[in-house]
1. Tell me, which strands (runs of 3 or more DSSP E) lie completely within the stretch 65-139 with 3 or more residues that are loosely packed, with under 13 Cβ neighbours inside 10 Å and either in contact with a strand residue (DSSP E or B) (Cβ under 6 Å, 6 or more places away or on another chain) or touching a residue at least 24 places away in the same chain (Cβ under 8 Å) (or both)?
2. Considering each residue of the stretch 140-157, count those that are over 23 Å from residue 71 (Cβ atoms) and surrounded by 13 or more Cβ atoms within 10 Å (Cβ to Cβ), and give that number.
3. Six or more apart or on different chains, Cβ under 6 Å: which pairs go from a residue in the stretch 32-49 that's part of a loop (DSSP other than H, G, I, E, B) to one that's modelled with pLDDT under 65 and loosely packed, with under 10 Cβ neighbours inside 10 Å? Could you list them?
C-alpha cells in the first residue's frame, strides 16, 4: 500500500455577508438585525417605483408657466423688471425669444415671443422696468440711460 497522506478535514467557512443584503449563501440568516431586515427586496422595489414616478410627475409640477401664444400675451399685465433675456434656437426655422419678468411680491412671468416680431425683443435690456396693461400691446419701458419709451408688440402671422 502506498502511503499517500489523506486530506485533512477543514472547518466550513463562514457564509458571506454584505452590510445591506444580509446573508448571501441563500440559507436562513442567523443575524436578523440587518439594516433593512428580511424585507429588503420589497423595500428596494418600492423605492425604485417611487423614483420612477418622481421622474415622471415632478418636472410637470415644478415647471413654470411659459406664456407663448398671442392671446395669452395680449391678456396678461406686466409690472416688473426684466431679470433674464435669452434665445433658444433648437431648430433653425423656429427661434424662441424669452423674457423673464419679476413682478411685485416676487411673482415671475416667463414670456416666449416666438410669434412676435424680434425687433421688440432687441430693444429691451435686462435691468429695465416694463409696464403693460391687460388687453393692450403697448409696453412702457423705463430706461436708465435713455428717456422712457413705449414699445408695441407686433405678432407675425
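The values are calculated or read from the model by the stated rules, or taken from the named source; none is laboratory data. If you're wondering where the values come from, they're calculated on a predicted model, not measured in any experiment. A quick note on method: Cβ atoms are made from the backbone with ideal geometry, for glycine too, and the neighbour counts reach across all protein chains shown.
1. Working: elements: 78-91, 94-103, 108-112, 129-132.
Ranges flagged: 78-91.
2. First, the residues of the stretch 140-157 that are over 23 Å from residue 71 (Cβ atoms): 142-149.
Still in the list and also surrounded by 13 or more Cβ atoms within 10 Å (Cβ to Cβ): 142-143.
Number of matching residues: 2.
3. 35/20
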